[in-house]
1. Shape verdict for the range 231-333, please, from the Cα gyration tensor: rounded (a/c under 1.5), prolate (a/b greater than b/c) or oblate.
2. Name the shape class, rounded, prolate or oblate, that the alpha-carbon gyration tensor gives for the range 409-550, where a ≥ b ≥ c are the square roots of its eigenvalues, rounded holds for a/c under 1.5, and otherwise prolate holds if a/b is larger than b/c and oblate otherwise.
3. Carbon and sulfur: what percent of the range 304-417's accessible surface (1.4 Å probe)?
4. Just to confirm, what accessible area per residue do you get for the range 262-329 at 1.4 Å probe, in whole Å²?
5. Over the range 169-286, what percent of the accessible surface lies on carbon and sulfur atoms, probe 1.4 Å?
6. Could you give the distance between the Cα centres of the range 248-285 and the range 476-498, to the whole Å?
7. Within 15 Å, Cβ to Cβ, of His189, how many net charges do the neighbouring residues add up to if Lys/Arg are +1 and Asp/Glu are -1?
8. Can you pull the percent of the range 473-513's accessible area that's carbon plus sulfur, 1.4 Å probe, other chains left in place?
Amino acid sequence: MAKPQLRIISDDINALIYSYLEDAGFLHTAYALRHEGRLDASPNLNVRIPRGELVKLLSKALMYMEVEAHYRRDPNEPPCNAPFSILKPHICSHGQHSLPSPPELGHPRPELFPPPPPRPSSPSVSGEKRKASPKADGRSEKRLRTEPNGEESTSQELENDGPILQKGYGDGVILLNGHESEVFVCQWHPTSANVLATGSKDATVRIWNVPTPPAPLRVPTTLKHNTESSEVRDITAIDWDPSGSRLATGSYDGIVRLWTPDGLHKHNLVAHTAPVFSIKWSPCGSWLLSGSLDQTTVVWNMSTSKPDKPEQVFRVHRASVLDANWIDSTTFVSCSVDKLIHICRLGSTEPIRTFAGHEDEVNLVRLSKDKSLLASSSDDRTVRVWDLTIWKEEGADAQKVYPPGVVDRVLKGVLRGHDREIGSLGWCPNPDGKEYILVTTSFDRSVRVWDTNTGTCLRELRDHDDRVFTHSFSSKGTYLATGAGDGKVLVYELSSGKRVFEWHCNAGGIFEIDWQKTGNKIGLCLENKGVAVLDMERFGLIDYRPPASS
């Protein structure tokens, strides 16, 4: 009688593991295995695998290992009491009959995402750029101590495989001085290409009219935020309205202020009792949304001539609100230290939908250009991607929040890989429909480019020597600029990951980057009290071309 053949192929194993992952609730990992293992093309996908089959087979394998280890045991010996393990070699309680270990057993697997190599401590670092939370002291730890006696370097050229890299304050770089302390935030005017607003710890916002060399520098318009205490002076958020006729600013004193581009102070919006960390104009420009460490988000009616009173105060979070963004002209999303993400709508006192799952405070929420995807980043070192098209298809009676342990059907995937907090988060503005490309920067000194359709990391960029705080895309998403505590601005070609440009600040870090949407200039907020503008057209990196005049 012929001996039956034992046949185990990788496709069988993949199908068993896939079934186990689904049973255990690891749906994102199961999806990745199904995609990478090509299970859709496998006949095993339609095979009914009983629940717990993988565990059952492994239990039988352990029983066989026990028989193999003890079948030669002396009957006069007492029975072995040592446990059997799938991962460790068995050693009998009497020190005999141990199974031989395979050569690789016991050797640790290399880390999938190893931490960055250690670097010598620098005297210039004293804190981290962080959103304030109860973990800290209630203050924003964005500030770093600058190195003393910093001097400007001359222009220097570094040869590379691609274009020449520029270093220092040379041709194509404009340095704007005037702030008296670290500069935290900046934003280009939406319609006037050369107007840049910057906010600093010195309790001022400055509006610069950036010249085109060799035109001389102009004195900026200074917007002074009069505060009673020197400890609550930081400008934490700024945002131009869509028309560019109004600038909203948020400060540590909890007051939202409105200004004209000429620097005229129009209104103080008073409702918050703690620092304001987020300000966003609605797409129509009729509403202003502010989020604060006092656990509230406030919507202000900006279509009235005197918007002194809030249109609605939302008290839906149980801890500090760290970020908020509009989904449409009446609906917004907010995130908080309470680990939750709420979708709220004007007129409703309770969230119309809640997303849970993050294991630590949620710092940022970002919407794709078409508003179909929402990305959230957390101090749990993960990014979660939510499919808002599924949420919009839900009926009025749909579940508004899923309990712990139950996977929300709106959750598209969880992106893991960073081993420290995430500093910035953004969707690529590519006009060719590639709105699923997401970029994250982290305090682990890395930048990651993700394909959110598959949940895979397309590339990891590790050229910075310190925490990466910020990034910005060129107008069409061809290039990606990153800034870090090492004082470097690095520009990459997004499609290839090739580094095509580098610029160094002489002392301190880069806190914020904003690339013009209708131009080729990059605005930089510097720790050393300066503001820098890089004209990328002078360096041959052109992604925006003005429409031809008729």
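The values are calculated or read from the model by the stated rules, or taken from the named source; none is laboratory data. From a predicted model like this one, the values you see are computed outputs, not experimental measurements. Neighbour counts are summed over all protein chains in view; Cβ atoms, including those assigned to glycine, are modelled from backbone coordinates with ideal geometry. We work out accessible area using only protein heavy atoms, side chains counted, and drop any ligands, DNA or RNA first. Shrake-Rupley method; radii C 1.70, N 1.55, O 1.52, S 1.80 Å.
1. Note, shape of the range 231-333 comes out oblate.
2. Values: a/c = 2.02, a/b = 1.10, b/c = 1.84.
Here the range 409-550 falls in the oblate category.
3. Ligands and nucleic acids excluded, carbon and sulfur give 46 percent.
4. On the way: 2820 Å² over 68 residues.
Counting only protein heavy atoms, the per-residue value for the range 262-329 is 42 Å².
5. Carbon-and-sulfur percentage of accessible area, whole number: 49.
6. That distance is 31 Å.
7. +1
8. Of the solvent-accessible surface of the range 473-513, carbon and sulfur hold 37 percent.
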